[in-house]
Amino acid sequence: GMDVGWTYRRVECESPLWTRIEKRILFLGSSVTYGEAANGTSFADYLGKIDGVYVTKEAVSATTLADEFSGYAYLASGNGDSYVKRLKKVGKTEEFDAVVVQLSTNDAAMEKPLGEISQSANLENRND
């Protein structure tokens, strides 16, 4: 049968079609970043193949940017961590030249609060 479950996948792309840009980019998001409607292939994967960037996808369908646990995502994929929680885990172990964050329609659909913009660029100084 057809697998319609939510999935979590982290992809490292190492083989571009031509000259490598040689930048490490973290793509953080939910189903759009994961490529849910395209069997796990998204715009991030194309950037890896076509432009030769080193792509790391932290993408979990049905999660939100708002720093709140998603029970729906947890039941579907086993991971309900918000973008913020996942960013904090990745940020401690790896270095990136850029981070691309998918604006989440899940936040609006789940009526999550918008929160506030921090004055600090340092994650340790931000309010949880």
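The values are calculated or read from the model by the stated rules, or taken from the named source; none is laboratory data. Since the structure is predicted, the reported quantities are computational estimates derived from the model, not experimental observations. Protein only, heavy atoms only, side chains kept; ligands, DNA and RNA dropped before computing areas. Shrake-Rupley method; radii C 1.70, N 1.55, O 1.52, S 1.80 Å.
For this structure, a couple of remarks:
- In Hz, Karplus ³J(HN,Hα) per residue of the stretch 77-89 (6.51, -1.76, 1.60; θ = phi - 60°; x = Gly, Pro): 10, x, 9, x, 5, 5, 4, 4, 4, 5, 4, 4, 5
- Oblate is the label for the stretch 34-125, because the ratio a/c of its alpha-carbon gyration tensor axes (a ≥ b ≥ c) is 1.5 or higher and a/b is not greater than b/c.
- Under Karplus coefficients 6.51, -1.76 and 1.60, residue-wise ³J(HN,Hα) of the stretch 110-119 in Hz, glycine/proline x: 9, 6, 7, x, 6, x, 10, 7, 7, 7
- Heavy atoms of Thr63 accessible to a 1.4 Å probe, total area in Å² rounded to 10: 0
- Distant-in-sequence amide contacts of Leu65, defined by a placed amide H-H separation under 5 Å and a gap of 5 or more residues or a different chain, comprise Tyr83, Ser104, Asp107.
- Measuring between alpha carbons in the structure, the pairs from Lys57/Lys92; Lys49/Lys92; Lys85/Lys112; Lys57/Lys85; Lys49/Lys85 lying more than 23 angstrom apart are Lys49/Lys92; Lys49/Lys85.
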